[in-house]
Amino acid sequence: VISLRGRSTAVSLRSPLPHDVWSVTTDPGEGGPRRALLSSELANVSTARFDLVLGRPGSPLPVVPTGNTVVLPDELGHLTEGDVIAISEDGRRISVLWRSKANINSLLLTERCDNYCVMCSQPPRDVDDSYLLDRARTVIDLVPPGTDAVMLSGGEPTLYGHDLIDLVDHISTTLPGAGVHVLSNGRRFADPAYAEAWARVDCPGLMVGIPIYGAEPTLHDRVVGAVGAFDETVRGILNLCALGAAVEIRVVVHQLTAPELVAIAEFIARNLTFVDQVALMGLEMMGLARANQRDVWIDPWEYRFELSDAVRTLLAAGVPTRIYNHQLCLIEPAMWPHAVRSISDWKTEYDPACASCSVVDECGGFFASAKYKTSSHIRPVHAVGTTVVVPGAGPIRAHGDLASGWPEAGSTSTSTEVIVDLPERGVR
Ligand code: SF4
């Protein structure tokens with residue numbers, strides 16, 4: 001886990017900091033507005049070109065009468081060139097908004113939401129946090145020009161209406177070529193005028209990720225805590241797709257949705273086959289998921305067959321499908337090619353058992369929140385040459401050679417282990 005927050009260990013300011021968002025540079029020649037110089041030799045640093053100098057952890061705080069100096073805590077020692085941070089005006093509180101080396105950076109736009117999902121990892125709060133939208137725009141202005149992906153999340157970002165569309169437009173202009181992935185409950189797009197404005201944005205890499213939690217309204221509306229949400233969400237998806245906007249459907253699998261997983265896949269395969277992709281996602285045990293643990297937790301091992309059937313159903317309908325946030329030893333080996341290392345690197349952890357696992361480099365690991373609840377079926381996978389052995393997998397329903405594609409549908413075995421040939425997957 002990589003820390004994204006900390007308190008400075010020493011501060012020397014001429015006056016309160018003039019603004020909160022700063023980009024980090026290690027180049028003393030790269031001064032300018034909102035540039036913070038990161039250095040370990042504060043005594044020798046000329047602060048004339050910088051409004052703020054950041055000392056690396058452990059740096060002694062020099063007397064810099066003409067400059068603002070903040071010494072970072074140990075947990076923020078990972079800060080580097082191209083990162084973007086926010087600092088309180090007294091220089092004490094520091095949070096990381098953008099990591100140039102992250103596998104994906106997500107900008108939280110609001111904590112407000114018109115859904116109240118039973119497993120929400122970011123529980124909605126009815127607060128005016130519109131400063132987050134302005135802050136996101138500033139961050140986009142400061143990130144390295146070659147940035148290739150931005151994720152916008154909430155809460156529900158579309159509560160900003162056309163201001164969200166303006167932000168997407170700004171990203172597209174500032175970072176041409178960057179993929180922009182927006183997480184939304186999709187309800188706002190039921191308004192044809194809003195969907196049309198969205199589809200008109202000139203942003204080739206734009207995709208909106210929208211959740212569906214049931215094959216019919218009752219379950220979906222129960223999961224999201226809003227009557228009528230299913231109808232609005234599905235209408236939103238239809239409107240967007242009719243206008244050529246890219247849509248990903250996200251299905252978080254938990255105790256309520258797991259039994260309906262195949263039915264949800266069939267619903268998508270029958271009615272929404274034109275979406276760009278489907279992500280079947282593991283549960284993050286944070287926020288309301290922790291509070292409602294008894295209602296939502298299910299060991300992924302318990303629904304591994306349903307997960308495989310859902311993937312097969314969607315692929316057979318021609319819908320690109322991925323498995324997010326699942327550990328390889330908890331899903332059927334035949335599904336490994338569809339599993340993505342999707343957990344943000346700053347909150348990825350591994351079980352102690354993973355140390356001896358041959359596919360640890362290919363497995364996405366766990367959310368840091370797995371410490372609150374995790375599967376009791378974690379089993380290291382062992383390699384023998386280019387073959388891996390998954391112990392304790394039986395009885396298994398199907399297995400096969402990953403390199404040659406799908407295993408035989410419906411085949412069964414009472415074996416207690418499965419052998420999968422992985423010649424191209426870099427098994428250690
Ligand atoms: S044991 Fe291996 S497959 Fe299982 S979670 Fe750990 S790294 Fe992933």
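Each value in this text was obtained by applying a stated rule to the coordinates, not by laboratory testing. Remember, it's a predicted structure, so these values are computed and weren't measured experimentally. Virtual Cβ from ideal backbone geometry, glycine too; neighbours counted across all protein chains shown.
For the range 88-220, what class follows from the C-alpha gyration tensor (a ≥ b ≥ c being the square roots of its eigenvalues): rounded when a/c is under 1.5, otherwise prolate if a/b is larger than b/c, else oblate? Note, shape of the range 88-220 comes out oblate.
This ranking places L256, L280 by how few other beta-carbon atoms lie within 10 Å of each, fewest first, which gives L256, L280. The distance between label points at D345 and K371 comes to 2.2 nm (points 7 Å beyond Cα on the Cα→Cβ vector). Against the main long axis of the alpha-carbon atoms of the chain, helix 162-174 sits at an angle near 80°.
Assign one of three labels to the range 177-290, namely rounded, prolate or oblate, based on the Cα gyration tensor with a ≥ b ≥ c the square roots of its eigenvalues; rounded applies when a/c is under 1.5, prolate when it is not and a/b is larger than b/c, and oblate otherwise. Here the range 177-290 falls in the prolate category. Where in the range 182-206 does the amide nitrogen come within less than 18 Å of the point 7 Å from the Cα of T173, taken along Cα to Cβ? Residues passing the 18 Å test: 197-206. With both residues required to sit in the chain, DSSP beta bridges show an antiparallel share near 40%.
Can you tell me, using C-alpha contacts under 8 Å and at least 6 residues apart, the relative contact order of the chain as a whole percent?
Across the chain, relative contact order equals 11 percent.
Of all aspartates and glutamates in the structure, the ones whose alpha carbon falls short of 16 Å from that of K373, not counting any fewer than 8 places away in one chain, are E284, D295, D299, E302, E349, D351.
Rounded to the nearest Hz, the phi-derived 3J(HN,Hα) couplings of the range 6-14 under the Karplus curve 6.51 cos²θ - 1.76 cosθ + 1.60 (θ = phi - 60°) are x, 10, 4, 8, 7, 9, 9, 10, 6, where x marks glycine and proline.
Under 5 Å between amide hydrogens, built in the peptide plane, is the criterion, and for A149 it picks out G179 among residues at least 5 positions away or on other chains.
Look at the alpha carbon pairs under 8 Å that are at least 6 residues apart: their mean separation over the length of the range 153-227 gives a relative contact order of 32 percent.
Averaging the Cα positions of each part gives two centres, and for the range 155-182 and the range 308-331 these lie 29 Å apart.
Taking the longest Cα principal axis of the chain as reference, the axis of helix 304-316 is set at about 90 degrees. What the phi angles of the range 227-243 give under the Karplus curve with 6.51, -1.76 and 1.60, with θ = phi - 60°, is a coupling list of 5, x, 5, 4, 4, 5, 5, 5, 4, x, 4, 4, 4, 4, 5, 5, 9 Hz, glycine and proline written as x.
Within the range 248-337, what percent of beta bridges assigned by DSSP are antiparallel, to the nearest 5? Just about 0 percent of them are antiparallel. Across the range 336-341, coupling constants 3J(HN,Hα) worked out from phi with the 6.51/-1.76/1.60 Karplus curve, θ = phi - 60°, read 3, x, 9, 7, 10, 6 Hz, and Gly and Pro carry x.
Near T321, the amide H atoms lying under 5 Å from its own belong to V278; only residues 5 or more places off or on other chains count, and H is placed 1.01 Å from N. Each Lys and Arg contributes +1 and each Asp and Glu -1, all at the Cβ; summed about the Cα centre of the range 302-353, the dipole is approximately 220 debye. Entry note, the chain: the mean residue ellipticity at 222 nm calculated from DSSP H runs of n ≥ 4, each adding -39500 (n - 2.57), is -6000 deg cm²/dmol after division by the residues and rounding to the nearest 500. Report, in degrees rounded to the nearest 10, the 0 to 90 angle that the Cα long axis of helix 131-142 makes with the longest principal axis of the chain. With both axes taken from Cα atoms, the answer is about 80 degrees.
Per-residue Cβ neighbour counts within 10 Å put K347, K373 in the sequence K373, K347, beginning with the fewest.
Expressed in whole Å with the largest first, what are the equivalent ellipsoid semi-axes of the range 70-118 derived from the C-alpha gyration tensor as the square root of 5 times each eigenvalue?
Details: eigenvalues 135, 50, 18 Å².
Gyration-tensor ellipsoid for the range 70-118: 26, 16, 9 Å.
Can you check how the C-alpha radius of gyration of the range 170-217 compares to 2.2 N^0.38 Å, as a plain ratio?
1.33
In the range 162-300, a dipole from Cβ-located charges (positive for Lys and Arg, negative for Asp and Glu) runs towards its positive end, and of S172, G225, S184 it is G225 whose Cα lies farthest in that direction. Cβ crowding within 10 Å ranks V139, V252 as V139, V252, fewest other Cβ atoms first. If both residues of a DSSP beta bridge must be in the range 162-266, then about 0% of such bridges are antiparallel. Normalised by 2.2 N^0.38 Å, where N is the number of residues, the C-alpha radius of gyration of the chain stands at 1.08.
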